[in-house]
Amino acid sequence: MHLGDFLRDELRLTGTHLGCEHGVCGACTVLVNGQPTRSCITFAVACEGQEVTTIEGYDDDAVMQRLRPAFTRHHALQCGFCTPGMLTTARDIVLRLPHADEARVRLELSGNLCRCTGYQGIVDAILDVLQQQRDTPDAPVENLRQTLSLPRTMALGPVTTPSQAQPPARSPAKPPTADPVTAAEMAEVDPVAMAKAKAKGNAIEVHFDVPYPADQVWEFMGDLPAVASCLPGATIDSHEGERVKGTIAIKFGPMSAAFAGAARLERDDVARRAVLRGAGQDSLSKSRTQGDITYRLEALSAGSTRVHVDMIYALQGPLAQFSRSGLVKDFVRRMVADFGKQITRRLGGQTVASNEPQPTVSVAGMMWSVLWNRIRGWFGKPPQL
Ligand code: FES
Ligand code: FES
């Protein structure tokens with residue numbers, strides 16, 4: 001039994017909410033020995049003898065005494081479903097990062113998804129409490145900060161929060177950089193990581209149909225800038241033969257990520273099969289991704305083609321929390337479906353105007369869509385892509 005179920009069903013502490021039960025949404029976050037912990041991916045039995053604090057246990061907590069009114073003042077909640085987990089993460093930010101600015105607060109909140117309020121009020125409430133503590137320091141809050149800075153000895157297996165997740169070690173010769181071009185040049189696909197990603201099940205197979213002959217589709221898909229223009233949020237920075245450098249923008253809950261990277265296309269014209277190998281990193285969150293996208297064309301008829309897409313991906317860093325669930329697969333499936341629609345549009349002669357904004361994919365918005373499709377599926381209706 002996981003800790004979230006134990007708290008709710010056995011102890012009747014129903015203030016802890018369960019959303020995804022995959023460690024993605026952060027709704028179930030509680031403190032275990034003072035550390036924010038996903039209760040849905042923590043075994044209850046692993047917490048025996050540990051100190052677990054839920055939203056019901058904060059009445060005497062000095063940080064919560066400032067956070068709760070700040071959340072009210074800044075209208076930081078609507079339905080309140082995410083609020084217990086949000087407050088737990090907010091408390092951790094206030095204690096651990098006294099000088100956090102807005103960007104840092106948003107980064108730290110990236111593991112908590114709110115579907116109805118928007119994040120501005122939540123971010124403002126946390127910044128407000130940080131400022132209060134700088135202007136009029138509260139001794140109990142300072143004491144809690146001192147306690148937190150002492151070495152922590154307890155470990156609870158594979159439970160991490162975005163704030164605890166560290167970017168992988170890099171060689172001194174290639175330090176992290178915010179320069180997208182340099183970041184793109186650093187990007188290399190590691191075959192070992194790809195093999196591990198495949199073994200872990202980070203693979204997606206999907207297809208879409210295009211109402212045009214296979215030859216025409218194949219020709220179009222060799223034009224990398226044209227293909228990139230069909231991918232939501234993608235922009236090309238440079239293009240040379242089969243190599244391309246660019247950026248793909250994705251919105252993950254409260255945080256925007258822009259993965260700058262490089263990719264290489266290997267084409268087999270006879271089999272009408274190609275592999276796009278690419279890697280990139282987001283300079284703000286220091287998350288890194290790499291993947292192989294294989295696509296293969298199947299002529300369904302003289303004027304219709306099926307494009308099969310197989311993707312293997314690895315994600316590291318704070319955003320890796322999204323790779324733990326089926327959410328990322330649903331997310332990629334929808335991206336590929338949008339990609340197919342754009343290709344059909346482009347093959348039909350429609351162009352993307354230079355001033356047309358690139359679409360951005362919102363995971364939070366998509367979660368609702370994914371859930372809705374699943375509910376439709378339970379009642380026998382085909383999912384809408
Ligand atoms: S319910 Fe635990 S992270 Fe979503
Ligand atoms: S206030 Fe409704 S989910 Fe956040």
> Hey, Met64 hits all of (1) open to solvent by less than 10 Å² (accessible area, probe 1.4 Å); (2) outside any helix (DSSP H, G or I) but one; which does it fall short on?
Replying inline: (2)
> Just wondering, is there one or more residues in the range 12-31 that are surrounded by 20 or more Cβ atoms within 10 Å (Cβ to Cβ) and over 24 Å from the mean Cα position of the chain (by Cα)?
Replying inline: no
> Is it true that some residue in the range 85-101 is among the acidic types (Asp, Glu), within 16 Å of ligand 1 (Cβ to nearest atom) and either in a helix (DSSP H, G or I) or open to solvent by less than 50 Å² (accessible area, probe 1.4 Å) (or both)?
Replying inline: yes
> Val270 is checked against (1) assigned to a loop (DSSP other than H, G, I, E, B); (2) open to solvent by 20 Å² or more (accessible area, probe 1.4 Å); (3) touching a strand residue (DSSP E or B) at 6+ places or on another chain (Cβ under 9 Å) and fails just one. What number does that condition carry?
Replying inline: (3)
> Under the condition of being over 22 Å from the mean Cα position of the chain (by Cα) and in a helix (DSSP H, G or I), which residue from the range 71-84 is nearest to ligand 2 (Cβ to nearest atom)?
Replying inline: Phe71
>> I'm checking my understanding of the structure. Among residues of the range 214-225 that are surrounded by fewer than 17 Cβ atoms within 10 Å (Cβ to Cβ) and modelled with pLDDT of 80 or more, which one is nearest to Ile343 (Cα to Cα)?
In response: Phe220
>> Considering only residues that are more than 18 Å from Arg96 (Cα to Cα) and either free of Cβ contacts under 8 Å to residues at least 24 places away in the same chain or within 16 Å of ligand 2 (Cβ to nearest atom) (or both), which ones fall in the range 26-39?
In response: Gly26, Ala27, Cys28
> So, of the residues in the range 90-116 that are within 17 Å of the chain's Cα centre (by Cα) and of a type outside the set (A, V, I, L, M), which turns out to be farthest from ligand 2 (Cβ to nearest atom)?
Replying inline: Arg104
>> Contact list please: Cβ distance under 8 Å, first residue in the range 78-100 and without any contact (Cβ under 8 Å) to a residue 12 or more places away in the chain, second residue within 11 Å of ligand 2 (Cβ to nearest atom) and open to solvent by 20 Å² or more (accessible area, probe 1.4 Å), pairs at least six apart or on different chains.
In response: none
> If you take the residues in the range 109-138 that are within 16 Å of ligand 1 (Cβ to nearest atom) and open to solvent by 20 Å² or more (accessible area, probe 1.4 Å), which one is nearest to Pro36 (Cα to Cα)?
Replying inline: Arg115
>> I'd like the full set of residues that are part of a loop (DSSP other than H, G, I, E, B) and in contact (Cβ under 8 Å) with a residue 24 or more places away in the chain, limited to the range 102-121.
In response: Asn112, Leu113, Cys114, Arg115, Cys116, Thr117, Tyr119
>> Please go through the range 17-57 and give me each residue that is more than 9 Å from ligand 1 (Cβ to nearest atom), closer than 16 Å to Thr83 by Cβ and part of a loop (DSSP other than H, G, I, E, B), ordered by number.
In response: Thr54
>> Report every pair of residues separated by at least 6 positions or lying on different chains whose Cβ atoms are under 6 Å apart, first residue within the range 247-273 and farther than 30 Å from Val24 by Cβ, second at pLDDT below 80.
In response: Arg264/Glu242; Leu265/Glu242
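The values are calculated or read from the model by the stated rules, or taken from the named source; none is laboratory data. What you are looking at is a predicted structure, and each value in this text was computed from that prediction instead of being measured. Note that we place each Cβ from the backbone using ideal geometry, even for glycine, and neighbour counts take in every protein chain shown. Just the protein is used for accessible areas: all its heavy atoms, side chains included, with ligands, DNA and RNA removed. Shrake-Rupley method; radii C 1.70, N 1.55, O 1.52, S 1.80 Å.
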